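The values are calculated or read from the model by the stated rules, or taken from the named source; none is laboratory data. These numbers come from a predicted model, not from an experiment. We place every Cβ from the backbone using ideal geometry, glycine too, and count neighbours over all the protein chains shown.
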Amino acid sequence: MYNRIIRNDMVKSKAVTLTTMIFIAAAAMLVSLAAILAVNLSSALDTMMTKAKTPHFMQMHAGELDTERLQTFAKENSNVEEFQVVEFLNLEGSEITLGENTLAASVQDNGFSTQNKQFDYLLDLDGNIINAADGELYVPISYKQDNLAEVGDRAVIAGKEFIVAGFLRDSQMNSTLSASKRFLVSEGDYKELRSLGYIEYLIEFRLKDPSKIGAFETAYSTKGLNANGPTVTYSLFKMMNGISDGMMIGVILLVSGLVVAISFMCIRFTLLAKMEEDYREIGVMKAIGLRVSDIKKIYIAKYAVIATVGSILGFILSLFLKEKMLENIRLYMGQSDQSANAILLGIIGIILIFFSILIFVNNVLRGFRKISASEAIRFGTSQDRNRKAKRLTLSRNKLWNTNIFLGMKDVLSRKRLYITMLLVLVIASFIIMVPQNLYNTISSKSFIQYMGIGNYDLRIQTTGIDVKDVPKMVDALKLDSDVSSYAVLTTKSFQVKMDDGSEENLKVELGDHSIFPIAYTEGRAPEADNEIALSKINADELGKQVGDILTLVKDGEERSFTMIGIYSDITNGGKTAKAVFTDDDEATVIWTIIPVSLSDHSHVEQVVNEYTDAFPFAKVSDIEEFVTQTLGSIISAVEMGSYASIAIALVITILITSLFMNMLLAKDKYQVAVMKAFGFTNTDIQLQYITRSVFVSIIGIVIGTLLANTIGEKLAGLVISSFGASTFSFTVDPLDSYLFSPLMMIGATLFATVFTTWRTGKINISENIKE
Amino acid sequence: MKKIIIGENIVKSFRKLNEEHNVLNGVSVEINKGEFVSLMGPSGSGKSTLMFALSGMDVVNSGRVIINGKDLATASENELSDIRRKTMGFVFQQPTMLKNLNILDNIILPSVRDNQKNKTEIVKKAKSIMKRVGITGLEDRDITEVSGGQLQRAGICRALMNNPEIIFGDEPTGSLNSQSSQEMMDLFSEINNNCTAVMLVTHDAKVAARTERILFMRDGEIISECRLPKFEAKDMDDRVEEVMVKMREIGI
Ligand SMILES: Nc1ncnc2c1ncn2[C@@H]1O[C@H](COP(=O)(O)OP(=O)(O)O)[C@@H](O)[C@H]1O
Ligand SMILES: [Mg+2]
């Protein structure tokens, strides 16, 4: 009798068995992929950073270099293993032509270097330290990715000709998130170029004990050494290198979690439907003294088979797919030496999924115990009808069409069954909504406020050295009729006195912050001289809250400020502060930013060109261009992701809906036959099924939307906060989120239901009722 | 006399083990308005099949079925549904009820499909029919909360809701004891007195004896037929005897 049940089950539910297997395979594949990618990413990253000997501490500096003091510091600090100062020769993008392409539109700081002697090596694509010969140019790998150059291309740098000899991996500046890019040339060529650009210094240290980086940073800043530029540590380099692939792994993990949930739902639905269907037989088996555990064993065995096949399939798929997915990691970071361990971890992940499936099946099967033998034999149905649904009667229904009413009532009285389908649809609409909202948010113009950028059209940036030329620019802006408003924001370096008496560097942006306001997570912008606002990351690191007092030190003089607000900032490593007091010391200026808004936005390009020509030392960029180039790769990745999600979610919806409707139809054959016997047409019955699925999908969409706007927003916020933005809320496009997406979901459900239930016509009355 | 249903040369076969088996071998039968007919025969002789064919629930392989002048072969699915809903009522051996609905809803189900508006009237009518068949008060019960006999009566109520011209009963008393069975037959007689044709399949001579025309089937053919006068309670024993004799005669 067992075998008969199982055989019937397998034959009757071929589609369900197959679908469940496919979902398990997909889940196994994704988990295994995520594990393989994660291990390879971290290993490749380590390999690269070890080979390149990435600095543990790097201070960028623009301006005079006090080499002697730095050397003394390096000698005296017991933690310093190696120390070097590297030159970074800034050249305008327009001076760089690679093949047919110029980098004029690039917002990156493009610079030239020679190969380093001791550490911070620039590596070729085989992971070897490059030795550039005269006339050879090595190009940052990200430009290969952007198809801006190819090996063998002719390159012209400030009038001098080079041949692109290869691409380089730069363990510091690989990531598009890093604002600078290093090109590599030979010592001889560098000497010729040196006078054509302006030089920034990378002051680099390797430490004996990298874990004491905090103490080292403090030591460096208290000594008042050269620090006119951003500071980056080893862990930040690692984070920037890993973040885009890390995010991809995160997304894969998230999706695999959802797919596991969907396979669980498939299993649950199948088992519950089976239980309803075999209710009488299971009751009979119980009545004649067979043990429930025996029946359970059969089902567990069946799912063990399905899960095994699914897992193996998924594993094989992941091995095929991993090559493609590893491409990016290989390109940017090179080979990993942990491939075997990666595969092992993938297998462990799959085994975990396998066992969780068996445990889940076992849990669902507990319901078997509740089947009462007498009830089952007498009525062949379970008695636990829903009380509330019972009150919904046809006789009292005045509102709905009879078929629609019957469809809704069926859903309400078999909640246990439909909840399964509901959950899948909730997941599906969640999968659609979150990436879509995330994409809408980060591509919307107001998103830049999370970057610590106000709403303006273009931004002019100069380094500290050119500070004396700023007034000239301001005069020009004043006279320009295209300009509707501008602000001069000067970033200077101060020391903050910590509670324990030590001092740390703090870059403070001074100027009128009310002209281009940004979003404050807490508090407001500084208005009075004794007020200061901190970026989220700085506030966290300094342990300051709104209302706290902050003491700044300048030339030995202490000044107290009230901390007045916290804002999101993802520019300049996210470590900034804002204040309005005046400070005339030009020497401490690190950079000046002049945000400009135009009376006619369409003139942006023209104005950018004008100012670039008039003030060649300044970097003038269209803010949209700035955002696209900084976030562009992420925005387009999210956009791709959101389209992929929509496709995946719709496929899931169609698959699951037709699967569930198919099973319901098979189960409800008798009921359908009865209704047909009493004069209900096929269309009537189809309408009932459509009502069921659309009803469930509407509830699913509502719940999914709510979840997307709460949990989904939190999740997305986590991603965004890794860039330094704090509170985050979705910019929802109501048309997309509340009209098109729900319509697409309902359309998919409708399509699947209509497609599945045209079969009602095939349900033969006599076969199903005749005694 | 007006003919409600005409069956001509009905052949119906089923595939079994890759072989066509004829279950109905060219059966011809006519049912007139207001007739009270029963159909007897051994198990497997094709009684249910004939009834399903005559009601248009099964498609015949050859021959014709004409209901109220409409040849079913030319009727669309929807027209067939309309005929089933408006012209006939069905009572099966097992109570064919939707387990999702309570007794009252099951009874009014075929009527509310068309008549969304007059729900109050439909409910009123259902209640009066329920009273007539003696199941008042069970309206809100689940189908699992009433006895088999009560469920069968509810089935009759449902069949009567649309004022059908004919009611089919496929062994409607088959699962009832003889007491309930007789009560059920009283009900069918009463329905028949109101000019509704009734056609019952039965094994039970006592049931057949209540009807006025008895068709005997064997191996997919109607082999004999007998007519009885209008039923009077005092003739019951004689009628049963007559049916029994006839049954023995043709060996069923
Ligand atoms: N849907 C069907 N498929 C195959 N065989 C059937 C089907 N319905 C009835 N039969 C066969 O047709 C014969 C007559 O069945 P039926 O009309 O139910 O007999 P009765 O009602 O007289 O007992 C039986 O042998 C039965 O097995
Ligand atoms: Mg029969």
Output for Cβ contacts, cut-off 9 Å, separation at least six or different chains, first residue within 9 Å of another protein chain (Cβ to nearest Cβ) and over 17 Å from B:Glu225 (Cα atoms) in the stretch B:41-55, second among the small types (Gly, Ala, Ser) and more than 9 Å from ligand 2 (Cβ to nearest atom), reads B:Ser48/A:Ser766; B:Thr49/A:Ser766; B:Thr49/B:Gly220; B:Phe52/A:Ser766; B:Ala53/A:Ser766; B:Ala53/B:Gly7; B:Ala53/B:Gly63; B:Ser55/A:Ala677
Give the residues of the stretch A:737-771 that are more than 14 Å from chain B (Cβ to nearest Cβ) and not aliphatic (A, V, I, L, M), sorted by residue number.
A:Ser737, A:Tyr738, A:Phe740, A:Ser741, A:Pro742, A:Gly747, A:Thr749, A:Phe751, A:Thr753, A:Phe755, A:Thr756, A:Thr757
Are there strands (runs of 3 or more DSSP E) fully within the stretch B:143-238 with at least 3 residues that are within 14 Å of another protein chain (Cβ to nearest Cβ) and within 16 Å of ligand 1 (Cβ to nearest atom)? List them.
B:166-170
When you check A:Phe379 against the structure, is it at pLDDT 75 or above and within 14 Å of another protein chain (Cβ to nearest Cβ), yes or no?
no
Could you check the stretch A:66-90 and list, in sequence order, the residues that are touching a strand residue (DSSP E or B) at 6+ places or on another chain (Cβ under 6 Å) and of a type in the set (A, V, I, L, M, F, W, C)?
A:Ala74, A:Val80, A:Phe83, A:Val85, A:Val86, A:Phe88, A:Leu89
Being within 28 Å of the chain's Cα centre (by Cα) and of a type outside the set (Asp, Glu): is that true of A:Val85 here?
no
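I'm checking my understanding of the structure. Among residues of the stretch B:1-19 that are of a type in the set (Val, Ile, Thr) and either within 16 Å of ligand 1 (Cβ to nearest atom) or farther than 17 Å from B:Met57 by Cα (or both), which one is surrounded by the fewest Cβ atoms within 10 Å (Cβ to Cβ)?
Within the stretch B:1-19, the match that is surrounded by the fewest Cβ atoms within 10 Å (Cβ to Cβ) is B:Val11.
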Restricting to the stretch B:74-108, name every residue that is within 16 Å of ligand 2 (Cβ to nearest atom), more than 9 Å from chain A (Cβ to nearest Cβ) and surrounded by fewer than 23 Cβ atoms within 10 Å (Cβ to Cβ).
B:Pro95
Selection status of A:Ser485, surrounded by fewer than 18 Cβ atoms within 10 Å (Cβ to Cβ), in a strand (DSSP E or B) and of a type in the set (Gly, Ala, Ser)
yes
Say whether the condition of being surrounded by fewer than 22 Cβ atoms within 10 Å (Cβ to Cβ), away from every other protein chain (no Cβ under 14 Å) and not in a helix (DSSP H, G or I) is met by at least one residue in the stretch A:606-616.
yes
When residues of the stretch B:161-184 are limited to those that are farther than 22 Å from B:Ala233 by Cα and among the polar types (S, T, N, Q), the one farthest from ligand 2 (Cβ to nearest atom)
B:Asn163
Extreme residue, modelled with the lowest pLDDT, among residues of the stretch A:389-431 that are under 16 Å from A:Ser693 (Cα atoms) and basic (Lys, Arg):
A:Arg416
Output the residue which, of all residues in the stretch A:95-125 that are free of Cβ contacts under 8 Å to residues at least 24 places away in the same chain and in contact with a helix residue (DSSP H, G or I) (Cβ under 9 Å, 6 or more places away or on another chain), is surrounded by the most Cβ atoms within 10 Å (Cβ to Cβ).
A:Thr102
Can you find even one residue in the stretch B:6-17 that is within 16 Å of B:Thr202 (Cβ to Cβ), away from chain A (no Cβ under 14 Å) and touching a residue at least 24 places away in the same chain (Cβ under 8 Å)?
no
(1) away from every other protein chain (no Cβ under 14 Å); (2) within 12 Å of ligand 1 (Cβ to nearest atom); (3) loosely packed, with under 15 Cβ neighbours inside 10 Å: which one isn't true of B:Asn22, the others all being true?
(3)
